[in-house]
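Read the structure below first, then the notes.
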Amino acid sequence: MASSVYELENLLERRAAWSRLGLTVGLVPTMGALHAGHLSLIGKAKAVADRVVVSIYINPKQFAPGEDQESYPRDAENDCAQALAAGADLVWLCPPDSIYPKDWATSVIPSGVGLGLESNHRPHFFTGVATVVARLFALLKPQFAVFGEKDFQQLKVVEQLNRDLCFGVTIIAAPLVRGVDCLALSSRNRNLSSEQRERALAVPRSLQVACSAYAEGERSTQVLCQLGRSVLSDSGIAVDYFELVKSSDLQPAPRELSGDDTDLRLMVAALCGTVRLIDNCALDTPPCP
Ligand code: AMP
């Protein structure tokens with residue numbers, strides 16, 4: 001029966017019952033305020049796992065003081081209804097003490113793909129993500145977990161941690177879902193005013209402009225990134241980074257491209273007012289139709 005749980009004991013009981021029946025479990029970790037991007041992850045999980053658990057937890061360890069933990073959108077009732085309608089078997093509404101016990105004293109600190117890009121601006125962030133994902137994996141022991149390419153660096157960090165710590169979870173990457181206006185869906189979009197939302201369209205446009213220039217023959221990484229940054233600054237959006245990296249290891253792209261650049265990804269993070277937006281796309285696959 002599809003339902004929601006708050007208590008860890010209830011979650012683990014349900015998990016044990018599924019194990020006894022030989023059923024596999026897919027986990028979709030989220031911070032709530034669900035949208036169609038999250039629901040697509042549930043669909044991916046359902047395609048491979050017998051039972052799907054959606055966790056909803058605003059993980060305090062991935063926010064620094066002064067970041068938007070307090071104003072992060074919360075909508076638990078609606079989240080449960082949406083997740084269950086999308087096919088989740090269980091929504092795990094995690095109270096803080098169900099994830100980290102009082103005497104918790106361990107952190108998972110990723111390096112490698114966790115360095116650069118986001119971590120230059122949010123140095124605490126991937127330690128928070130890796131620690132909570134390790135904890136969720138250890139508690140639920142899912143066979144599958146789905147993560148969105150919207151958070152491309154996070155996906156890479158999770159793949160690495162899963163390998164390094166031998167969790168044996170099959171990590172499934174889900175494509176980034178955009179709105180009709182091409183803006184990447186994000187829970188934080190709820191905190192944009194209508195004027196900011198209009199301006200935020202410069203984020204996908206910055207990717208589009210760089211992709212188009214590449215398609216038209218521009219081969220200088222510096223020029224491509226500068227084009228993207230200019231789109232953002234012309235719209236009054238503060239750029240944290242706009243970089244071209246190799247998709248496989250997130251190392252910087254060569255300064256001069258060859259024209260056969262199938263493994264390259266544009267990564268952007270920018271502030272629209274106080275709302276931080278991230279987006280990305282493959283260099284040879286423009287984000288907007
Ligand atoms: P969040 O609730 O923002 O922490 O995201 C939970 C999961 O949903 C992460 O794996 C995200 O990458 C994924 N996600 C968030 N937004 C999107 C989107 N627009 N398209 C695809 N996946 C997404």
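The values are calculated or read from the model by the stated rules, or taken from the named source; none is laboratory data. This is a predicted model, so every value here is computed, not measured. Glycine gets a Cβ as well: all are built from the backbone with ideal geometry, and neighbour counts include every protein chain shown. Accessible surface is based on the protein model in full, side chains and every heavy atom, while ligands, DNA and RNA are left aside. Shrake-Rupley method; radii C 1.70, N 1.55, O 1.52, S 1.80 Å.
At-a-glance table
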| read-out | value |
| --- | --- |
| Degrees between helix 221-234 axis and first principal axis of the chain (Cα, 0 to 90, nearest 10) | 80 degrees |
| Local electrostatic count at TRP92 - Lys and Arg +1, Asp and Glu -1, tallied over other residues with Cβ under 13 Å | -1 |
| Selected from GLN153, GLN208, GLN251 as most flexible by GNM, with the chain as the system and alpha-carbon contacts under 10 Å | GLN251 |
| Orphan Cys of the chain, criterion: no other Cys C-beta under 4.7 Å | CYS80, CYS94, CYS166, CYS211, CYS225, CYS272, CYS281 |
| Radius 12 Å from Cβ of LEU23, net charge of other residues (Lys, Arg +1; Asp, Glu -1) | +2 |
| Shape call, region 113-158: gyration tensor on alpha carbons, a/c limit 1.5 | oblate |
| Percent RCO, i.e. relative contact order, over region 187-282, from Cα pairs under 8 Å lying at least 6 residues apart | 30 percent |
| Of all accessible heavy-atom area on region 187-282, the percent that carbon and sulfur account for (1.4 Å) | 48 percent |
| Principal-axis tilt of helix 202-215 within the chain, Cα atoms, nearest 10 degrees | 60 degrees |
| Whole-Hz ³J(HN,Hα) from phi, Karplus 6.51 cos²θ - 1.76 cosθ + 1.60, for region 9-26, glycine and proline x | 4, 5, 4, 5, 4, 4, 4, 5, 5, 4, 4, 4, 8, x, 8, 8, 10, x |
| Alpha-carbon centroid distance for the pair region 4-71 / region 133-189, whole angstrom | 11 Å |
| Highest-fluctuation residue, PRO142, PRO175, PRO101 considered, GNM on the chain with Cα pairs under 10 Å | PRO101 |
| 13 Å beta-carbon shell around HIS121, net charge (K/R +1, D/E -1) | -2 |
| Shape call, region 3-174: gyration tensor on alpha carbons, a/c limit 1.5 | rounded |
| Theoretical ellipticity at 222 nm over the chain - DSSP helices of four or more residues, -39500 (n - 2.57) apiece, nearest 500 | -11000 deg cm²/dmol |
| Among LEU271, LEU183, LEU27, residue whose mean-square fluctuation peaks in a GNM of the chain (springs only between Cα atoms under 10 Å) | LEU271 |
| Length-normalised contact order for the chain - Cα pairs under 8 Å, 6+ apart - percent | 17 percent |
| GluC sites (Glu not before Pro) restricted to region 1-61 and DSSP loop, no more than 14 other C-beta within 10 Å | GLU7 |
| Within the accessible area of region 3-174 (1.4 Å probe), percent carbon and sulfur | 54 percent |
| Accessible area expressed per residue, region 1-118, with surrounding protein chains retained (probe 1.4 Å, Å²) | 48 Å² |
| Gyration tensor (alpha-carbon) shape descriptor, region 42-107, a/c threshold 1.5 | prolate |
| Taking region 3-174 and dividing mean pair separation by its residue count, relative contact order in percent (alpha carbons under 8 Å, at least six apart) | 28 percent |
| Solvent exposure of region 143-206 as accessible area per residue, Å², 1.4 Å probe | 43 Å² |
